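Beneath this line is the structure, given in C-alpha cells, with notes to follow.
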C-alpha cells in the first residue's frame, strides 16, 4: 500500500494505475484528473475529495466512502462500487457504464447526465430521489 493517509493533498493528474490504496484516507484532497485505472481502493475514504474528471476504469471501490465527493465527469467504467457510500456525491456527467453499484448508497447524490441505466448492476442500491422522479 502506498500510504494510509493522503488527506488534504494536491494530487492533480497523478497516475495511481493498479496501485493498492486499500483503506487509504484521501479525504479533502484535490485529485482531479487522477488515474485510478485497475487500482485497489477497497474501503478507501474519499470524503469531500475533488475527483473531477478522474478515471476509475476497472477499479475496485468495494466499501469505499465517497461521501460528498466531486465526481463530475469522472470515468467509472467497469468499476466495482459494491456497498460504496456516494451520499451527497456529485456524479454529474460521470461515465458509469458497466459499473457495479450493488448495495451502493446514493442518498442526496447528484446524478444528472450520469446515465445510471448503463451501469451493470444497481441491485439493492439506495438511489437518489432525482433518479426516481
Exercise for review: Could you please find all residues in the range 63-81 being closer than 18 Å to residue 22 by Cα and crowded, with 20+ Cβ neighbours inside 10 Å?
Suggested key: 64, 65, 66, 67, 69, 76, 79, 80, 81
Practice item. Please go through the range 60-86 and pick out each residue that is closer than 17 Å to residue 25 by Cβ and assigned to a loop (DSSP other than H, G, I, E, B). Key: 61, 62, 63, 64, 66, 67, 68, 69, 84
Practice item. Filter the range 91-133 down to residues that are touching a helix residue (DSSP H, G or I) at 6+ places or on another chain (Cβ under 8 Å) and in a helix (DSSP H, G or I) and give me whichever is farthest from residue 64 (Cα to Cα). Key: 131
Point to revise | Lone unmet requirement of (1) within 19 Å of residue 112 (Cα to Cα); (2) buried (at least 20 other Cβ atoms within 10 Å of the Cβ) for residue 93 | key: (2)
Review point. Residue check: is residue 38 in a loop (DSSP other than H, G, I, E, B) and buried (at least 18 other Cβ atoms within 10 Å of the Cβ)?
Key: no
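Any read-out appearing in this document is the output of simple, stated calculations on the displayed coordinates, not a laboratory observation. Quick caveat: nothing in here was measured; it's all calculated off a predicted structure. When we count neighbours, we look across all protein chains shown, and the Cβ atoms used for this are built from the backbone with ideal geometry, even at glycine.
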